[in-house]
Every structure is written in structure tokens, then in C-alpha cells.
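Colleague: Below is one structure. I have some questions about it.
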Amino acid sequence: MTRSRYSFQPKQGHGLPHNPLNAIIGPRPVGWISSQNARGQRNLAPYSFFNCFNYDPPIIGFASSGWKDSVQNIVETGEFVWNLATRPLAVAMNESSAPLPHGEDEFAFAGLTAQPASLIAASMVAESPVNFECRLTQCIQLKNADGEAIPSWLVLGEVVLIHIDEALLEDGVYQTAKAEPILRAGGPSAYYTISEAHRFDLTRPDAR
């Protein structure tokens, strides 16, 4: 099949109105990360470079462009919480991305409730229906293909406790669409949700 392809080398620029990279690799789950520093000051921030990387033990991670408060807090304390960002919480999630002065509480700014976690000191977003309490496993500064360090850090953490709103469990099975998760889709403002109407099922060849 012959295609007419638009090709570019990222180092030389994309030549488009907006970089397509994070629109192509999408939609992506939102890493809504709550943390606190050693003095107990809370921080809450969304990260669009986020995912789950291991089942047992469960390990999740997010990448931060720049050494931001979230990274500093997690390195200081070794703890953080991931909170599920949902359609009803989308505006509050977006508000929590505001560039507030250092030490100002994004929970309060976004009108959210800070709920104590069970195993770690960082607070959870009480309004979120799913929360993962995590302990830091690695903080890695990324490098380019030439081996040069770039100002971006990958933070990985083991999930040590999971909280799920029981309304999202039907016969013990978690209902993904019912939670109305929001997904980042690139561009300056695009997000998506999911629904059962768009679901399809495939069985892996080794499970047939």
C-alpha cells in the first residue's frame, strides 16, 4: 500500500501548527499525582506522560519535564498518590495544573478535599473514585540518543495500597467506562472519555 507521508526529524522541528507527537501517542491516562514535602506542604499536579509498567509488584510512573515540586517532594519523602482523573473532576484537575507559588496548596486552589492516606503521609484526592498509594522505586533522568542528560525525569513507584469506590465494582469486576476516566489527547486542550459504546473484545492467541 502506497501512502503519502509527512516526515520530519524532531531535532529539526515539525513544521506544523502543533507538535503531533503527543496527539499520535494518545489518548493517554492522566497521572494526577499528589505528594507532600518533608514539611508537610501538599502538592497536586496532573502529568500527561503516565502509565502502568508492571503487574507484580504493580509499578506506575510519570515523566516530568523539568524538576518540579512533585519530583522534589517524592524524592524527599519517597511517597506519592496517583488519583484517577474523571469527567466530573476534569475542571478541578485542570485547575490543579496552575503555576502556583512554591508551597501553595493546589488542593485548596482547585476546591478539592485532601484525604489522609493509609500507609503513606501524602494525601489523596477524596473526590476521586480510585487512588493508588505509592512508594518511590526509581527516579531516572532521561537521556537522548547521544547519551546526554535532558531536563526530564521519570518517576516510578510501587503501588502499595489501592482504593476503589465500590460503586465501580460489579460482581467483583472493575467497570472502566463507569468511572468516566479522562484521557489526554494532545494539542493545546484535547481530552477524551471512554464509553461502553466504543468497547470491543479480542482474545489473545495464547488464551484461545
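Colleague: Of the residues 140, 60, which single one is among the β-branched types (Val, Ile, Thr), buried (at least 16 other Cβ atoms within 10 Å of the Cβ) and not in a loop (DSSP other than H, G, I, E, B)? Spell out the reasoning first.
Modeller: On the way: 140 fails: buried (at least 16 other Cβ atoms within 10 Å of the Cβ).
Testing whether each residue is among the β-branched types (Val, Ile, Thr), buried (at least 16 other Cβ atoms within 10 Å of the Cβ) and not in a loop (DSSP other than H, G, I, E, B) leaves just 60.
Colleague: Looking at (1) modelled with pLDDT under 95; (2) closer than 25 Å to residue 94 by Cα; (3) not basic (Lys, Arg), which is the only condition residue 163 fails?
Modeller: Result: residue 163 fails condition (1) only.
Colleague: Give the residue that is nearest to residue 79 (Cα to Cα), with candidates limited to residues of segment 98-147 that are among the aromatic types (Phe, Trp, Tyr) and in contact (Cβ under 8 Å) with a residue 40 or more places away in the chain.
Modeller: 132
Colleague: Let me ask something additional. Would you confirm whether or not segment 7-19 contains a residue that is among the charged types (D, E, K, R) and touching a residue at least 40 places away in the same chain (Cβ under 8 Å)?
Modeller: no
Colleague: Give the residues of segment 172-194 that are without any contact (Cβ under 8 Å) to a residue 24 or more places away in the chain and under 18 Å from residue 130 (Cβ atoms), sorted by residue number.
Modeller: 172, 173, 174, 175, 176, 177, 178, 194
Colleague: How about segment 164-193: which of its residues are of a type outside the set (Val, Ile, Thr) and under 16 Å from residue 52 (Cα atoms)?
Modeller: 181, 183, 184
Colleague: Let me ask something else about it. So which residues in segment 1-21 are surrounded by 11 or more Cβ atoms within 10 Å (Cβ to Cβ) and among the polar types (S, T, N, Q), if there are any at all?
Modeller: Passing the criteria: only 19.
Colleague: While we're looking at this one, here's another question. Somewhere in segment 89-97, is a residue in contact with a helix residue (DSSP H, G or I) (Cβ under 7 Å, 6 or more places away or on another chain), at pLDDT 95 or above, closer than 13 Å to residue 33 by Cβ and surrounded by 13 or more Cβ atoms within 10 Å (Cβ to Cβ)?
Modeller: Yes; the residues of segment 89-97 include at least one that is in contact with a helix residue (DSSP H, G or I) (Cβ under 7 Å, 6 or more places away or on another chain), at pLDDT 95 or above, closer than 13 Å to residue 33 by Cβ and surrounded by 13 or more Cβ atoms within 10 Å (Cβ to Cβ).
The values are calculated or read from the model by the stated rules, or taken from the named source; none is laboratory data. These numbers were taken from a predicted model, which means no experiment stands behind them. For neighbour counting, all protein chains shown are included, and Cβ atoms are generated from backbone atoms with ideal geometry for every residue, glycine included.
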